[in-house]
Amino acid sequence: MFLLSPEKMIQRPIPITYQHRVAFTHGAFDRKNHTLCDLIAESTELGGAAKVLVLLDSGVAEGNRGLAEQISQFCNVHADVMNLVSPPMEMIGGEGCKNDWSLVEKIWQAIECHKICRHSYVIAIGSGAFIDLAGFAAATAHRGIRFVRMPTTTLSQGDGGVGVKNGVNYFGKKNWVGTFSVPFAIVNDLDFLKSLPERACRDGIIEAIKVALIRDADFYHFLKDNAASLGRLETKPLEVAIRRSAENHID
């Protein structure tokens, strides 16, 4: 076997630093809420409005009537920052969406059709599985388009939706095709939790308990002390639990 001697190789470390932004808000598409447009405005180098493609989980659209129109109106109000290239694209969500490769191609086709480039933004609003799918499509188009995650469940806002993994299922195997890609930003709109079924709302509490046991004793005691309130899904302790869970996942 022929091996290059060290003096015949070039070896250098390549340090790369990413900014991991996670914002918490209420009513992200209220025209007076500047969370999303401020994030985009501070990183738009070309001047003028950045192109934005919005992907919307059909289940979220069903549970939040008028959301697609609200998003369009929001972008119209902030047209100096965000150029919405089309009405929000509603696509099937849920775990099953990750088994449908045609959905990846559909997102790629929209990116190509609307000339979305590396200075543009893809915003995905939906469950963790939907964001996994959309994130994979965004990460592989043009070697990576700026991607904004807007998770809509307690589980995705406190766990999977705030991470850097994207993937789809292939060969009958979960996440067989995927990427590690730091999103441009994550915007956790806590108002989406109001439309969740009770069982889905509890999913994030279960994950919070797990991460607290592993990483954060103080957080565990908070969950224990507020168990009755969390059991009733009271808004304030639930929101604190999600935020603390998210903090532990991105540390």
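The values are calculated or read from the model by the stated rules, or taken from the named source; none is laboratory data. Remember, predicted model here, so these are calculated numbers, not experimental data. Heads up, the Cβs are rebuilt from the backbone with ideal geometry, glycines too, and the neighbour counts pull from every protein chain shown. Just so you know, the surface numbers come from the protein's heavy atoms only, side chains and all, with ligands and any DNA or RNA stripped out. Shrake-Rupley method; radii C 1.70, N 1.55, O 1.52, S 1.80 Å.
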Study note, to complete from the structure: For the range 75-85 the number of residues that are surrounded by 19 or more Cβ atoms within 10 Å (Cβ to Cβ) and assigned to a helix (DSSP H, G or I) is 1
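The rows are residues; the columns are (1) among the acidic types (D, E); (2) surrounded by fewer than 12 Cβ atoms within 10 Å (Cβ to Cβ); (3) in contact with a helix residue (DSSP H, G or I) (Cβ under 8 Å, 6 or more places away or on another chain); (4) at pLDDT 95 or above.
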| site | (1), (2), (3), (4) |
| --- | --- |
| K165 | no, no, yes, no |
| S181 | no, no, yes, no |
| I186 | no, no, yes, yes |
| D203 | yes, no, yes, no |
| L223 | no, no, yes, yes |
| E247 | yes, no, no, no |
| D251 | yes, yes, yes, no |
Practice item. Sort out which residues of the range 91-133 are open to solvent by 30 Å² or more (accessible area, probe 1.4 Å), of a type outside the set (D, E, K, R), more than 20 Å from K51 (Cα to Cα) and assigned to a helix (DSSP H, G or I), and write them in order of number. Key: G96, N99, W101, S102
Check your understanding: Looking at the range 188-200, which of its residues are surrounded by fewer than 18 Cβ atoms within 10 Å (Cβ to Cβ) and either among the polar types (S, T, N, Q) or touching a residue at least 24 places away in the same chain (Cβ under 8 Å) (or both)?
Key -> D191, S195, E198, A200
Exercise for review: Could you list all residues from the range 134-146 that are assigned to a helix (DSSP H, G or I) and either of a type in the set (F, W, Y) or in contact with a helix residue (DSSP H, G or I) (Cβ under 6 Å, 6 or more places away or on another chain) (or both)?
Suggested key: F136, A137, A141
**Study point:** the range 197-247: number of residues that are β-branched (V, I, T) and either over 18 Å from S156 (Cα atoms) or touching a Gly at 6+ places or on another chain (Cβ under 9 Å) (or both)
**Key:** 4
Review point. Assuming T152 fulfils every condition listed in (1) at pLDDT 95 or above; (2) over 30 Å from E42 (Cα atoms); (3) touching an Asp or Glu at 6+ places or on another chain (Cβ under 8 Å) apart from one, which condition is it?
Key: (2)
Practice item. From the list V54, V60, pick out the single residue that is in contact with a strand residue (DSSP E or B) (Cβ under 9 Å, 6 or more places away or on another chain), touching a residue at least 60 places away in the same chain (Cβ under 8 Å) and part of a strand (DSSP E or B). Key: V54
Revision key, fill the gap. Scanning the range 16-69 for residues that are open to solvent by less than 20 Å² (accessible area, probe 1.4 Å) and of a type in the set (V, I, T), the one nearest to V182 (Cα to Cα) turns out to be I40
